[in-house]
Amino acid sequence: MPPAREKPTSWGDCVIEHEDGLARCPWPGRDPLYVAYHDEEWGRPERNSRALFEKLVLDGFQAGLSWITILRKREAFRSAFAGFDPAAMARFDERRVHELMQNGGIVRNRAKIEGAVLSARAWLDIEAAQGFSDYLWSFVDGAPIDNRPRRIADVPTQSTISERLSKDLKAKGFKFCGPTIVYAFMQAVGMVNDHLADCHVRNQG
């Protein structure tokens, strides 16, 4: 998720009201794609193991970039990475990596591409052992952590749980999963609810 790593002063610190009369977290600005992501995906609990894998890999590709850059390339990523099918990705060889490095639709970073392949192999092991979704959600006892921040300044960039999860993921073979990346991932998949207290998405339920 954006707030964990991107906090430009242009956002402001509190919710902003949009033309539709709804108050939203400030980080999507008014970009339609970003606003739709904020409203429909970010912070909503995700329990599908494959979807969780995709989100974690994409968060790894975001390192050093803005999330909107990844969001705009997401469909190209899905096409390039076999729909984020871990079994297919785990079989990617050097030739496939070379092909991906020529793909202008994605982030052409060899370390991240090779890391995604290694992460796919690690996913297969975890999925076989206990299920990737159950594994991840066990770190928050199966339920979202509700922080109810009032301002962007109240939103942390990592937590003790993201540190533990990051360490465990790395030990299991995942790449590009430091504690800040993992916290952003936890926000995105609803393991942590960091929508601001006055955001209309939080108030829907």
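The values are calculated or read from the model by the stated rules, or taken from the named source; none is laboratory data. A quick note: this is a predicted structure, and the numbers were derived from the prediction, not measured. Reconstructed Cβ throughout: ideal geometry from the backbone, glycine too, with neighbour counts over all protein chains shown. Areas reflect the complete protein model, heavy atoms only, side chains present, ligands, DNA and RNA absent. Shrake-Rupley method; radii C 1.70, N 1.55, O 1.52, S 1.80 Å.
Summary of values
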read-out: Search result, residues across the range 46-63 that are at pLDDT 95 or above, within 12 Å of the chain's Cα centre (by Cα) and part of a loop (DSSP other than H, G, I, E, B); value: 46
read-out: Residues satisfying the stated conditions in the range 64-108, i.e. in a loop (DSSP other than H, G, I, E, B) and open to solvent by 30 Å² or more (accessible area, probe 1.4 Å); value: 64, 65, 66, 85, 91, 93, 102, 103, 104, 108
read-out: Near pairs, Cβ below 7 angstrom, 6+ apart or cross-chain, from the range 130-159 (within 24 Å of residue 24 (Cβ to Cβ)) to any residue that is modelled with pLDDT under 95 and buried (at least 18 other Cβ atoms within 10 Å of the Cβ); value: 152/3; 155/3; 157/4; 157/5
read-out: The range 176-205 residues that are farther than 17 Å from residue 154 by Cβ, paired with ones that are open to solvent by less than 30 Å² (accessible area, probe 1.4 Å) and among the polar types (S, T, N, Q) (beta carbon under 7 Å, 6 or more apart); value: 177/166; 178/166; 179/162; 179/166; 182/162; 182/166
read-out: Residues satisfying the stated conditions in the range 157-196, i.e. of a type in the set (D, E, K, R) and either under 13 Å from the mean Cα position of the chain (by Cα) or not in a loop (DSSP other than H, G, I, E, B) (or both); value: 163, 164, 167, 168, 170
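Rundown of residues vs (1) open to solvent by less than 60 Å² (accessible area, probe 1.4 Å); (2) out of contact with any helix residue (DSSP H, G or I) (no Cβ under 7 Å at 6 or more places or on another chain); (3) within 30 Å of residue 19 (Cβ to Cβ); (4) among the acidic types (Asp, Glu), yes/no style:
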{"residue": "116", "(1), (2), (3), (4)": "yes, no, no, no"}
{"residue": "137", "(1), (2), (3), (4)": "yes, yes, no, no"}
{"residue": "149", "(1), (2), (3), (4)": "yes, yes, yes, no"}
{"residue": "153", "(1), (2), (3), (4)": "no, yes, yes, no"}
{"residue": "171", "(1), (2), (3), (4)": "no, yes, no, no"}
{"residue": "183", "(1), (2), (3), (4)": "yes, no, no, no"}
{"residue": "195", "(1), (2), (3), (4)": "yes, no, yes, no"}
{"residue": "200", "(1), (2), (3), (4)": "yes, yes, yes, no"}
{"residue": "204", "(1), (2), (3), (4)": "no, yes, yes, no"}
